[in-house]
Amino acid sequence: MMGLEIDVATEPLMTDLSGLERRVAADRANSRSQQAEDYLRLAGSLTELAQGLLTTRDDPSGRDRTAEALEPAQEAVAIRLHWLVEGFVSYEYAGALQDALRLFEQATRLVGHRQLATNTIRSACSAYRQVAQDYPDVQAMCADGLSKCGVWLMRLDHEAAVAATESAVRIRAAMYARAPEQPGKYLASLSTLLRTLMVGRSRKQAIASYRALYSQVTTTASTAQLRETRIEDLDLTLKTTQALHKLGAPTLERAGRLTQQQILYQSGGDLATIDEINWRLALVGLKPLAAGAMPEPPSRPVEITATYGAIAVRCSAPDALEQVRAAVGAAYATHGATPVDAGRFAGVHERHWGVKEPKVNPDTELGADVVLVERASGSWVSVKSLNWEIGALGKHPLAVALSAKWPVLTVATIENISYELCLYDNGVATQYAALGRPAGQAPLDAPLAPLDFATLADYGADYASETQVRAAFGNAAMFAKVTELPGSGIRQAAEKRPLTDYGPDILFFGKD
């Protein structure tokens with residue numbers, strides 16, 4: 001096997017067409033020596049000339065010489081195909097041949113020489129088939145070349161395109177039977193074949209033709225191995241891959257046992273995920289996903305076991321924590337409350353102040369307070385207030401202030417009594433959801449819209465659908481898990497360790 005490579009890239013690139021034409025003439029004269037090196041240098045010069053001629057199409061200042069690019073492009077391909085068959089089969093040489101073929105295909109498309117393109121690309125297919133037979137070590141390169149030629153032939157000669165992609169599949173099938181560790185390339189060639197067969201045919205006819213050929217070239221053992229291909233090796237979109245993992249389907253075989261309803265449930269109703277999976281199943285002879293049916297999950301039992309209140313701020317910026325902390329300080333400053341040391345909070349030493357039992361604070365003006373600002377899961381930042389742990393519904397002064405810049409959701413839980421969520425946006429309360437309600441609260445000034453659970457699902461844990469979020473509502477712990485909203489307040493934080501140990505995350509405000 002010869003692997004001689006001619007490095008034309010080291011020579012200075014000539015941009016003027018006259019210079020390129022002189023160079024082609026000089027290289028053509030040198031090729032009379034009949035040496036491979038001189039012929040391949042000529043092929044490189046011809047390719048550059050063809051490229052230069054094609055660029056005149058977009059040059060308004062000069063004459064359009066696109067049509068003249070066809071002859072040097074075709075000659076460059078002919079030279080490289082001849083020496084490919086003669087044994088120049090290194091991968092670098094194959095890349096140069098592909099570049100020449102691509103340029104030739106572009107030229108024929110622009111000029112309109114359909115038959116010339118068809119005949120030349122057919123010749124390339126014949127060369128790849130012969131080289132694959134003569135040099136088994138480069139069969140992979142030949143299969144790639146045939147697949148590319150099949151794509152080019154799609155608009156020129158459908159039968160030739162099918163033949164080229166079929167040849168690529170046969171080569172890949174033999175390689176996969178010898179080394180089944182990497183199914184990706186074989187599956188990719190099968191996919192190209194199926195797409196080619198579908199041109200001008202019904203899906204049913206194309207799949208029938210595909211299955212007949214697939215059964216010819218793929219052994220029973222290879223089929224079994226392909227069906228055990230890991231999901232990660234199938235070139236699926238991230239959404240489809242995540243849905244399959246959540247449903248416990250790590251292989252293609254297992255994916256085929258699922259139903260369309262299960263996939264849609266996990267992918268938020270994205271029909272493209274069904275098409276993706278069905279296409280891969282068809283490649284290995286499996287039936288498409290059954291429609292199926294999936295009952296709604298039962299609602300979680302109501303479980304409100306702790307009292308707490310917190311604010312969740314939706315901010316995905318890299319410095320979200322710093323931005324929210326600064327906004328909290330600004331909100332208190334607006335109401336005349338300023339930062340103080342822990343020892344001066346409430347006018348007494350920290351040994352004499354503590355976390356009191358929570359109660360609804362109806363005040364709409366901020367004052368002395370202790371606030372814990374922490375990065376929660378996902379893009380939520382939790383803000384936990386001591387004196388406004390549970391504020392007046394729809395009028396929480398800190399939530400109102402922070403919602404001027406970000407969407408804000410207040411969580412207020414009173415043990416065994418109520419679980420309330422209120423969404424604030426642009427400084428006002430807009431949406432609301434609750435189970436139960438503590439006695440004595442003032443009525444709302446205006447009715448609020450129902451809380452959008454679909455948005456909560458999008459913001460929350462990546463495995464939770466809207467239906468799952470709805471089903472969990474009422475079970476405080478489970479709901480916090482699937483939405484990634486705060487599941488505790490400042491009192492629970494104080495039980496873990498002294499508030500003064502939270503460093504820059506804890507803020508103390510005093511007011512004269």
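The values are calculated or read from the model by the stated rules, or taken from the named source; none is laboratory data. Treat the numbers as computed from the prediction; the structure is a model and nothing was measured. Cβ placement follows ideal geometry from the backbone for every residue including glycine, while neighbour counts extend to all protein chains displayed. Accessible surface is based on the protein model in full, side chains and every heavy atom, while ligands, DNA and RNA are left aside. Shrake-Rupley method; radii C 1.70, N 1.55, O 1.52, S 1.80 Å.
Going by the structure shown, is T259 hydroxyl-bearing (S, T, Y) and either touching a Ser or Thr at 6+ places or on another chain (Cβ under 7 Å) or at pLDDT below 80 (or both)? Against the criterion (hydroxyl-bearing (S, T, Y) and either touching a Ser or Thr at 6+ places or on another chain (Cβ under 7 Å) or at pLDDT below 80 (or both)), T259 does not qualify. Restricting attention to segment 102-147, the residues that are in a helix (DSSP H, G or I), open to solvent by 20 Å² or more (accessible area, probe 1.4 Å) and under 21 Å from H158 (Cα atoms) total 15. Being polar (S, T, N, Q) and either at pLDDT 90 or above or open to solvent by less than 50 Å² (accessible area, probe 1.4 Å) (or both) is the requirement here; does Q266 meet it? Yes: the conditions hold for Q266. Apart from one condition, A376 fits all of (1) modelled with pLDDT of 85 or more; (2) closer than 21 Å to D501 by Cβ; (3) open to solvent by 10 Å² or more (accessible area, probe 1.4 Å); the exception is (1). Within the set A291, A317, A310, A306, the sole residue that is over 30 Å from L423 (Cβ atoms) and either aliphatic (A, V, I, L, M) or modelled with pLDDT under 85 (or both) turns out to be A291.
Just one of (1) open to solvent by 40 Å² or more (accessible area, probe 1.4 Å); (2) modelled with pLDDT of 85 or more fails for Q492. It is (1). Within segment 226-248, the residues that satisfy the criterion of being within 30 Å of A174 (Cβ to Cβ) and over 19 Å from the mean Cα position of the chain (by Cα) are L226, R227, E228, T229.
Once segment 398-419 is narrowed to residues that are open to solvent by less than 10 Å² (accessible area, probe 1.4 Å) and of a type outside the set (A, V, I, L, M), the residue that is nearest to L499 (Cα to Cα) is T413.
Residue-by-condition table, conditions (1) free of Cβ contacts under 8 Å to residues at least 12 places away in the same chain; (2) in a loop (DSSP other than H, G, I, E, B); (3) among the hydrophobic types (A, V, I, L, M, F, W, C):
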site: R470; (1), (2), (3): no, no, no
site: L485; (1), (2), (3): no, yes, yes
site: Q492; (1), (2), (3): no, no, no
site: T500; (1), (2), (3): no, no, no
site: P504; (1), (2), (3): no, no, no
site: F508; (1), (2), (3): no, no, yes
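Listed conditions (1) surrounded by fewer than 16 Cβ atoms within 10 Å (Cβ to Cβ); (2) modelled with pLDDT of 80 or more; (3) of a type outside the set (G, A, S) are all met by L4, apart from (2). What number of residues within segment 75-101 satisfy the criterion of being surrounded by fewer than 22 Cβ atoms within 10 Å (Cβ to Cβ) and in contact with a strand residue (DSSP E or B) (Cβ under 6 Å, 6 or more places away or on another chain)? So the count comes out to 1.
Output the residue which, of all residues in segment 44-74 that are open to solvent by 80 Å² or more (accessible area, probe 1.4 Å) and farther than 19 Å from A124 by Cα, is farthest from the chain's Cα centre (by Cα). So the residue we want is R63. Considering (1) in contact (Cβ under 8 Å) with a residue 40 or more places away in the chain; (2) under 38 Å from the mean Cα position of the chain (by Cα), the lone condition that E86 does not fulfil carries the number (2). A single member of V302, V199, V284 is of a type in the set (A, V, I, L, M), open to solvent by 20 Å² or more (accessible area, probe 1.4 Å) and in contact with a helix residue (DSSP H, G or I) (Cβ under 8 Å, 6 or more places away or on another chain), and it is V199. Among the residues of segment 174-182, not a single one is of a type in the set (K, R), in a helix (DSSP H, G or I) and buried (at least 22 other Cβ atoms within 10 Å of the Cβ).
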